[in-house]
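Down below is the structure, laid out as structure tokens.
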Amino acid sequence: MVKIKGSRYMFGGQVLPKFATYITENLFTDLNADDPAQADMEVSPSNINHEFLAELGEEKFSRRSFMKWERIMHSHGACLQEMWELRYDKIQRVADCVVYPNST
């Protein structure tokens with residue numbers, strides 16, 4: 001869905017001249033409303049399993065990360081609920097560590 005000039009919308013190459021009116025009247029939605037995402041997300045600290053990390057060694061991955069935003073970005077999928085949590089709420093389970101393997 002792409003907004004073009006004023007309140008006209010286009011989808012799949014087709015202009016939908018009544019789309020904005022339909023959404024506003026039937027779904028009671030303001031298409032011009034500002035709905036900003038959260039500025040930050042609180043997550044629990046990493047539960048570092050030193051034995052596991054030692055067993056991984058240092059040669060089979062390019063790096064590992066305990067950084068908050070990398071942990072968050074690798075802890076969700078693309079379903080609507082998870083996108084909502086990512087934008088407005090809190091992801092319930094966040095990875096403790098992100099490992100980048102050198103090969104498959």
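The values are calculated or read from the model by the stated rules, or taken from the named source; none is laboratory data. Since the model is a prediction, treat every value here as computed from it, not as a measurement. When we count neighbours, we look across all protein chains shown, and the Cβ atoms used for this are built from the backbone with ideal geometry, even at glycine.
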Hey, could you check segment 44-79 for residues that are in contact with a helix residue (DSSP H, G or I) (Cβ under 8 Å, 6 or more places away or on another chain) and not in a strand (DSSP E or B) and say which is farthest from Ser103 (Cα to Cα)?
Ser46
Checking Val15 against (1) in contact with a helix residue (DSSP H, G or I) (Cβ under 8 Å, 6 or more places away or on another chain); (2) modelled with pLDDT under 90, only one condition comes out false. Which one?
(1)
Just give me the residues in segment 23-50 being surrounded by 10 or more Cβ atoms within 10 Å (Cβ to Cβ) and in contact (Cβ under 8 Å) with a residue 24 or more places away in the chain, in sequence order.
Leu31, Gln38, Met41, Val43, Ser44, Ser46, Ile48, Asn49
Among the residues of segment 75-104, how many are hydroxyl-bearing (Ser, Thr, Tyr) and surrounded by fewer than 12 Cβ atoms within 10 Å (Cβ to Cβ)?
3
